[in-house]
2 protein chains.
Amino acid sequence: MNVAIIVAAGQGTRMGGERAKQFLELAGIPIIIHTLRAFERCAIIQEIIVVLAAAEAAGFLSLAGQYSLQKLTKVVPGGATRSESVLHGLKAVRAATAEVIAVHDGVRPFVTADEIARTVAAAAMHEAAVLVAPVTDTVKEVVDDRIVRTPDRRSLRRALTPQCFSYALLRRAYEEADVLDPELTDDSALVERLGHSVAIVEGNSRNIKITTPQDIVIAEAMIKEGLWS
Amino acid sequence: MNVAIIVAAGQGTRMGGERAKQFLELAGIPIIIHTLRAFERCAIIQEIIVVLAAAEAAGFLSLAGQYSLQKLTKVVPGGATRSESVLHGLKAVRAATAEVIAVHDGVRPFVTADEIARTVAAAAMHEAAVLVAPVTDTVKEVVDDRIVRTPDRRSLRRALTPQCFSYALLRRAYEEADVLDPELTDDSALVERLGHSVAIVEGNSRNIKITTPQDIVIAEAMIKEGLWS
């Protein structure tokens with residue numbers, strides 16, 4: 001079984017509203033539902049586990065009922081950090097049947113079923129694979145407010161999600177991680193620390209993470225103009 | 001004299017339309033005019049040179065007349081590459097009175113007068129300073145489709161414009177550059193190659209470069225919602 005863990009336990013404090021950002025609507029549908037639908041449409045994924053703040057669970061289940069999600073098997077409570085939330089999701093996976101685990105941000109609704117499928121397939125082959133997008137800006141490495149290096153942009157990628165790993169590898173990475181470290185926001189980095197090679201899968205910049213009110217404006221414009229649909 | 005060189009010689013081929021992108025309108029005003037107004041409002045800038053495709057010059061001058069730009073002194077024809085266009089602008093600067101040169105992309109209309117002033121001031125002190133924004137995504141260094149390094153995001157910045165330099169330093173950097181190399185899109189990198197230290201000035205992510213139809217949609221949304229105004 002290939003299992004998606006959708007991490008949606010954030011409180012959305014940067015959003016300035018009362019609702020966690022994953023429940024805000026885009027084109028009349030909650031962001032988290034857009035996200036889940038991409039995984040529903042992706043045949044390579046057999047099961048979906050959603051990690052949510054405990055207070056959101058009841059409301060989410062009623063919402064999920066409205067949209068008849070077929071692959072959703074568990075809703076588990078989030079932790080104090082993103083990493084702890086992923087770990088909670090990982091502990092809910094049935095080890096006996098688990099193959100590839102696809103960890104995805106609940107607030108990345110523009111991922112496509114094709115991107116998910118290609119990343120899972122790469123992880124099935126290499127044990128670890130991350131969806132990425134090109135870096136369009138020049139990136140500078142800085143020390144003490146001075147530029148120390150300009151890496152070649154062609155060798156850089158932005159890490160998106162899903163990030164996909166064999167179940168055993170991801171469990172091992174999380175066993176060695178300090179999941180209470182709030183700076184740990186990238187699952188691939190934990191696997192890289194084990195010395196394991198991680199493959200990249202080229203994805204589209206459209207797959208943005210919605211974390212600020214500006215992002216909502218951009219996402220609405222993206223949908224309305226059909227430019228990313 | 002602190003002189004701004006506004007590079008707007010691009011043909012906008014990625015835009016898919018007939019007009020070069022710097023002449024498309026945002027909120028009813030051409031992008032290039034929004035950009036020039038930021039420099040008009042910035043007291044530390046005394047003179048503005050615009051680099052344009054030769055075919056656009058006449059149309060631009062009539063446009064500039066409508067918006068009564070006070071600091072615009074010259075319109076010079078662009079080159080075959082961005083670097084050659086900057087060099088054409090640089091050759092139009094009066095060496096005898098030049099102090100700091102602020103090179104800015106014509107299609108970055110959301111720069112503020114304050115950001116320009118702070119970057120020019122930093123260059124007056126350190127000879128070279130670049131406006132930057134935080135990197136919000138995890139960035140990976142990649143070789144042969146494998147991740148080889150995850151630099152600490154806190155040590156990375158995205159290079160924006162203006163990029164500001166003492167006139168003598170920028171002339172020297174351009175004398176040693178192959179300005180026909182289309183990959184040379186970052187003035188700071190030329191100065192870094194000389195071994196000269198470049199300072200950074202923290203700016204806002206709002207200062208986007210408008211190069212695709214999607215960027216126009218985002219820019220319109222930014223203005224309409226007043227989120228970046």
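The values are calculated or read from the model by the stated rules, or taken from the named source; none is laboratory data. This structure is a prediction, so every number in the text was calculated from the model and none was measured. No Cβ is skipped: glycine too gets one built from the backbone with ideal geometry, and neighbour counts run over all protein chains shown. Just the protein is used for accessible areas: all its heavy atoms, side chains included, with ligands, DNA and RNA removed. Shrake-Rupley method; radii C 1.70, N 1.55, O 1.52, S 1.80 Å.
Tally up the carbon and sulfur contribution to the accessible surface of segment B:1-127 as a whole percent, 1.4 Å probe, everything protein left in place.
Working: 2750 of 5200 Å².
Of the solvent-accessible surface of segment B:1-127, carbon and sulfur hold 53 percent.
Among A:P30, A:A43, A:S188, which residue has its Cα furthest toward the positive end of the charge dipole of chain A, with +1 on Lys/Arg Cβ and -1 on Asp/Glu Cβ?
A:A43
First check a/c for segment B:29-101, with a ≥ b ≥ c the square roots of the eigenvalues of its C-alpha gyration tensor; if it is under 1.5, answer rounded, and if not, answer prolate when a/b is larger than b/c or oblate otherwise.
Values: a/c = 1.83, a/b = 1.06, b/c = 1.72.
Since a/c reaches 1.5 but b/c is at least a/b, the shape of segment B:29-101 is classed as oblate.
One decimal, nm, shortest first: give the distances between the label point of B:A55 and those of the same position in the other copies, each label point 7 Å from Cα along Cα→Cβ.
Its label point is 6.0 nm from the equivalent points in the other copies.
Considering the rotational relationship between chains B and A, which residue of chain B contributes the beta-carbon of minimal distance to the axis, and what is that distance to the nearest Å?
B:A221, 2
A plus B alone minus the pair: what accessible area, both sides summed, probe 1.4 Å, in Å² to 100?
Details: alone 11310 and 11300 Å², together 18960 Å².
Adding both sides of the contact gives about 3700 Å².
Which whole number gives the average, over all residues in A:207-215, of C-beta atoms from other chains lying within 10 Å of the residue C-beta? If you can, show how the numbers build up before the last one.
Numbers: counts 0, 1, 2, 0, 1, 3, 2, 8, 0.
Neighbouring Cβ atoms belonging to other protein chains average 2 per residue here.
Please calculate how many Å² of accessible area the protein assembly as shown carries per residue, with a 1.4 Å probe and no DNA, RNA or ligand atoms counted. Working shown, then result.
Numbers: 18960 Å² over 458 residues.
Normalised by residue count, the accessible surface of the protein assembly as shown is 41 Å².
By a straight-distance test (C-alpha under 16 Å), which lysines pair with A:K74 as possible cross-link partners, with residues fewer than eight away in the same chain excluded?
Partners within reach: A:K91.
What FRET efficiency comes out for A:A113 versus A:S197 if R0 is 35 angstrom and r is the Cβ-Cβ distance? Round to the nearest 0.05.
Values: r = 26 Å, r/R0 = 0.74.
With R0 = 35 Å, the Cβ-Cβ based efficiency is 0.85.
Treating cross-link reach as a plain straight distance, find the lysines whose alpha-carbon is under 27 Å from the alpha-carbon of A:K224, omitting any fewer than eight places away in the same chain.
List returned: A:K21, A:K209, B:K21, B:K209, B:K224.
Taking the mean number of other Cβ atoms within 10 Å as a proxy for protection, how do you rank B:78-86, A:120-128 from highest to lowest?
On the way: B:78-86: 21.3, A:120-128: 19.7.
The densest-packed peptide leads the list: B:78-86, A:120-128.
State the antiparallel share, in %, of DSSP beta bridges confined to the protein assembly as shown, rounding to the nearest 5.
Numbers: 38 of 78 bridges.
DSSP beta bridges in the protein assembly as shown are roughly 50 percent antiparallel.
Using Cα-only point scatterers and the Debye equation, what is log10 of I(q)/I(0) for the protein assembly as shown at each q in 0.08 Å⁻¹, rounded to two decimals?
Cα-only, vacuum Debye calculation for the protein assembly as shown: -0.52.
About the Cα centre of segment B:155-195, how large is the charge dipole given +1 on each Lys and Arg Cβ and -1 on each Asp and Glu Cβ? Please answer in debye to the nearest 20.
Values: 5 positive and 8 negative charges, 56 e Å.
That gives a dipole near 260 debye.
Please state the charge dipole magnitude for the protein assembly as shown, taken about the Cα centre, from unit charges on C-beta atoms (+1 on K and R, -1 on D and E), reported in debye and rounded to the nearest 20.
On the way: 50 positive and 56 negative charges, 96 e Å.
Computed charge dipole of the protein assembly as shown: roughly 460 debye.
Run the label-point distances for B:E141 please: 7 Å along Cα to Cβ, every other copy, nanometres, shortest first.
Label-point distances to the other copies, shortest first: 0.4 nm.
If you place +1 on the Cβ of every Lys and Arg and -1 on the Cβ of every Asp and Glu, how big does the dipole about the Cα centre of chain B come out, in debye to the nearest 20?
Numbers: 25 positive and 28 negative charges, 78 e Å.
Roughly 380 debye for chain B.
Between B:E175 and the same site in the other copies, what are the distances in nm, shortest first, taking label points 7 Å from Cα along the C-beta direction?
6.3
I need the P(r) histogram for segment A:72-229: all alpha carbon pairs, bin width 10 Å from 0 out to the longest distance, whole percents.
Going out from 0 Å in 10 Å bins, segment A:72-229 shows 10, 33, 37, 18, 3, 0 percent.
Give me Rg over Rh for segment B:134-182, both radii from the alpha carbons and Rh done the Kirkwood way, two decimal places.
Values: Rg = 16.0 Å, Rh = 14.1 Å.
The Rg/Rh ratio comes out at 1.14.
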